[in-house]
Every structure is written in structure tokens, then in C-alpha cells.
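**Student:** My questions all concern the structure below.
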Amino acid sequence: MPNCPTLQPDGDWGTPHPHENIEVSDYFQITETDNLTASHRYNIEEFVCGWGAAFVNITATFPMNKVMFRQQLHGITCYKAATQLRREGFLNLYRGILPPLMQKTVSVSLMFGLYDYYNKAINWNYPTLSKPVTQGLAAMMAGSTEAILTPFERVQTVLQDHRHMKKFHNTLHVFQELRPYGLKEYYRGLTPILLRNGPSNVLFFGLRGPFKSMLPEAKSQLGHTVNDFLSGAMVGALISTLFFPINVVKTRMQVRVGGPRYPTLKTFRIIWRERGHSVRHMFLGVHINFTRSLVSWGIINASYELIKTMLPQLS
């Protein structure tokens with residue numbers, strides 16, 4: 001409670017409070033501004049931790065992700081996808097890393113930062129909502145907001161397809177070539193991204209805590225980091241496996257430059273028919289996706305928590 005002037009035994013007021021001469025509405029405006037500023041500072045920390053965690057992850061897992069991408073796109077085995085990359089040479093191994101580095105660092109930064117922001121905003125405006133509902137809504141909103149970065153994912157998809165190697169030189173070139181097709185071309189594949197981002201965020205933020213509590217109690221910082229890695233790995237691998245077919249559809253939609261824009265359901269039906277109406281074939285590449293997600297989300301979760309403990313408190 002704010003300090004208020006006290007009534008003395010003789011009925012006189014004691015030492016005036018510094019805010020005593022301002023209007024009540026002004027006082028509450030000051031208090032609310034202070035609270036929002038403190039909340040804003042805390043959110044900056046969440047954004048920074050998410051950005052750093054994504055940077056470490058992308059540089060470590062990009063080659064593995066490229067193999068999985070080839071499997072998703074062409075429905076080929078891991079060996080054939082790896083053979084393609086080997087033939088293209090080491091210098092092309094990291095071709096296309098700039099878009100995911102830009103997109104994923106900002107995306108994970110938004111994921112953690114906006115989740116925290118929306119969580120506080122919902123608590124402030126709807127304090128009667130239960131904690132699981134509040135966290136679920138915050139996670140869904142944060143994931144949906146991330147979809148504004150779809151153009152980066154779109155460019156990454158184009159650059160990773162070997163059929164475009166001679167046509168497109170780099171990230172900026174792809175952005176320039178897509179411009180004549182209009183804004184919609186940058187956001188091709190938006191629907192499957194929305195279907196993926198929101199629900200996957202809900203599962204991630206809802207499960208990583210319970211998963212960590214199932215592990216042996218950590219006695220040191222190293223133990224906490226290991227537990228954060230394991231809980232993030234398990235949750236991330238589970239989520240990426242569940243949403244793998246959606247990513248297959250997304251990849252097929254985004255790899256095309258120009259031409260007709262098929263809706264999500266029609267694209268799924270085309271792929272389903274091409275792969276012989278086989279559920280197993282819709283999951284081609286899921287094993288390396290599972291492995292990549294174990295490593296990727298383990299790194300993200302552990303790095304996020306570790307960076308958070310290392311950052312000085314913003315004041």
C-alpha cells in the first residue's frame with residue numbers, strides 16, 4: 001500500500017505525503033505507469049533470452065534440418081537426402097541459413113516475450129480466469145502473432161529446394177523476385193503455419209513444467225540445465241511429431257514461386273494421393289525431425305533458462 005498521511009491523536013494530520021496535493025486520478029495514473037514500466041522491463045528480458053536461445057540452436061541444427069526438408073519435399077529417404085547435400089558440397093550446406101536465423105531468432109524471441117506479455121495482460125484484465133486457461137490463451141495468441149514472420153520461412157523454403165539453386169542467389173534475391181507477385185506471395189502457406197504455431201505453443205508452455213517436475217531434482221546449476229534440456233527435448237520432439245504432416249503441407253505450398261495458390265486442404269489431398277494414401281509416407285522424414293527436435297528444443301529450453309540466470313536484472 002502507498003504511504004499515506006496519518007491522523008494524530010489530536011485530530012491533526014501529520015507530515016504531508018509528497019503526492020498529497022495531486023488529484024486522485026493523477027495518483028493512480030502514476031501508480032499504473034510504474035507498474036506497466038516494471039512489466040515492460042521484465043518482458044525485455046524474456047525477448048532477449050528467447051533470441052539468444054534461438055541463435056545457438058539454429059547454428060547447431062541447420063544441416064540436420066536441411067536433410068529433413070529434402071525428405072519432406074520429395075518424399076525420399078534420409079540417405080538420398082544426405083547424398084544430395086554431399087554432392088552439392090560443404091559451401092552449400094549452410095545455403096539458406098540467413099532467413100531461418102533471422103526468422104527463428106525473432107520468432108522464439110516473440111514466442112517467449114509475447115507469451116509473458118499476453119499472460120500478464122490477460123491476468124490484469126480477466127483476473128477471474130483460471131491459470132491453465134490464461135496460459136493457454138497467452139500461448140495461442142503468442143503463436144499466432146509469430147505468423148507475421150511467414151515471409152522469412154517462405155524464403156527459407158525456396159532457398160533450400162535444390163531446383164531453385166541456379167535461379168535464386170540469396171535471401172535478398174528471393175525477396176526481390178517475389179515482389180512482383182504481391183504481398184500474398186510472401187504469405188503463401190500462412191494457414192498451415194497458424195494451425196501449427198498456436199496449438200504447438202499451448203502444448204509447449206503447458207507441458208514443459210510438468211515434464212521437468214518428473215525428472216530427478218537438480219542439486220546444482222548444471223543439474224538444472226540438464227533437466228531443462230531434457231524437458232525441452234521431450235516436449236519439443238512430441239509436438240514436432242504431432243504436427244509433422246502440417247509442415248509437409250506447408251513446405252509443398254511455400255516451395256512454389258508464382259502459379260496457382262492451392263488452399264491447405266487441397267494441397268493435403270494432392271500430397272495424400274501422390275503418396276499412395278499412406279500415413280507412413282506422410283511421415284517420411286519424421287525420424288530425423290524427431291531427432292532434430294530433441295536436440296533443437298533441448299538447446300532452446302536450456303539456453304533460454306541459462307541466459308535468463310546470467311542476465312543482470314534490468315532496472
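The values are calculated or read from the model by the stated rules, or taken from the named source; none is laboratory data. This one's a predicted model, so the numbers in the text were calculated from it and none came from an experiment. Cβ coordinates were reconstructed from backbone atoms using ideal geometry, including for glycine residues, and neighbour counts include every protein chain displayed. Just so you know, the surface numbers come from the protein's heavy atoms only, side chains and all, with ligands and any DNA or RNA stripped out. Shrake-Rupley method; radii C 1.70, N 1.55, O 1.52, S 1.80 Å.
**Student:** Taking the Cα centre of segment 195-315 as origin, work out the dipole magnitude from +1 charges on Lys and Arg Cβ and -1 charges on Asp and Glu Cβ, in debye rounded to 20. Show your work: numbers first, answer last.
**Tutor:** Numbers: 15 positive and 4 negative charges, 153 e Å.
Dipole size: approximately 740 debye.
**Student:** Something else now. Given a Förster distance of 41 Å, report the FRET efficiency between SER213 and LEU98 from their Cβ-Cβ distance, rounded to the nearest 0.05. Mind dumping the intermediate values first?
**Tutor:** On the way: r = 38 Å, r/R0 = 0.93.
Between SER213 and LEU98 the formula returns 0.60.
**Student:** Here is a further query. For the pairs LYS80/LYS266; LYS104/LYS250; LYS212/LYS308, flag any whose C-alpha to C-alpha distance is greater than 19 Å.
**Tutor:** LYS80/LYS266
**Student:** Relative to the Cα centre, what is the charge dipole magnitude of the chain, using +1 at the beta carbon of each Lys and Arg, -1 at the beta carbon of each Asp and Glu, and rounding to the nearest 20 debye? All intermediate terms of the calculation are to be shown ahead of the outcome.
**Tutor:** Numbers: 32 positive and 20 negative charges, 648 e Å.
Rounded to the nearest 20 debye, it is 3120 debye.
**Student:** Toward the positive end of the charge dipole of the chain, about the Cα centre and with charges on Cβ (Lys, Arg +1; Asp, Glu -1), which of PHE168, GLY209, ALA53 goes farthest?
**Tutor:** PHE168
**Student:** Also: Leaving out ligands, DNA and RNA but keeping every protein chain, what accessible area does VAL48 have, in Å² rounded to the nearest 10, with a 1.4 Å probe?
**Tutor:** 70
**Student:** Another question about this same structure. Hey, what did segment 119-240 get for relative contact order, percent, Cα under 8 Å, at least 6 apart?
**Tutor:** Numbers: 90 pairs, mean separation 35.0, N = 122.
Over segment 119-240, the number comes to 29 percent.
**Student:** Further question: By its C-alpha gyration tensor, with a ≥ b ≥ c as the square roots of the eigenvalues, how is segment 258-315 shaped: rounded for a/c under 1.5, else prolate for a/b larger than b/c, else oblate?
**Tutor:** Since a/c reaches 1.5 but b/c is at least a/b, the shape of segment 258-315 is classed as oblate.
**Student:** Of the chain, which part is the longest with no trypsin sites (Lys or Arg not before Pro) in a loop (DSSP not H, G, I, E, B) and with at most 12 other C-beta atoms within 10 angstrom? Before the final figure, lay out each step's value.
**Tutor:** Details: sites that count: LYS166, LYS167, LYS219.
In the chain, the maximal stretch lacking such sites is 1-165.
**Student:** Using the Cα atoms as the points, what is the convex hull volume per residue of segment 160-315 in Å³?
**Tutor:** On the way: hull volume 27.6 nm³, N = 156.
Output value, Cα hull per residue: 177 Å³.
**Student:** Please compute the contact order of the chain in relative form: average sequence separation of alpha-carbon pairs under 8 Å and at least six residues apart, divided by the residue count, as a percent. Present the calculation step by step, with values, prior to reporting the outcome.
**Tutor:** Values: 386 pairs, mean separation 76.5, N = 315.
Over the chain, the number comes to 24 percent.
**Student:** Rounded, prolate or oblate: pick one for segment 83-229, where a ≥ b ≥ c are the square roots of the eigenvalues of its C-alpha gyration tensor, a/c under 1.5 means rounded, and failing that, prolate if a/b is larger than b/c, else oblate.
**Tutor:** Taking the square roots of the gyration eigenvalues as a ≥ b ≥ c, segment 83-229 is oblate.
**Student:** Quick one, could you list the DSSP H helices from the chain stretching 20 Å or more along their long axis (Cα atoms) with average Kyte-Doolittle hydropathy of 1.6 or above?
**Tutor:** On the way: long enough: 24-74 (66 Å, -0.14); 98-125 (39 Å, 0.02); 131-146 (23 Å, 0.11); 190-213 (35 Å, 0.33); 221-242 (32 Å, 0.84); 286-310 (34 Å, 0.48).
Sorted by number, there is nothing, because no helix extends far enough and scores high enough.
**Student:** Sticking with this one: On a full-extension model of 0.36 nm per residue, what is the gain between GLN176 and PHE90, subtracting their alpha-carbon distance, rounded to one decimal in nm? Mind dumping the intermediate values first?
**Tutor:** Details: separation 86, 0.36 × 86 = 30.96 nm, distance 2.63 nm.
Result: 28.3 nm gained on full extension.
**Student:** Find how much the distance from CYS78 to ARG280 grows on full extension, using 0.36 nm per residue of separation minus their present alpha carbon separation; answer in nm with one decimal. Walk me through the numbers on the way to the answer.
**Tutor:** Working: separation 202, 0.36 × 202 = 72.72 nm, distance 1.45 nm.
Full extension of this stretch gives 71.3 nm more.
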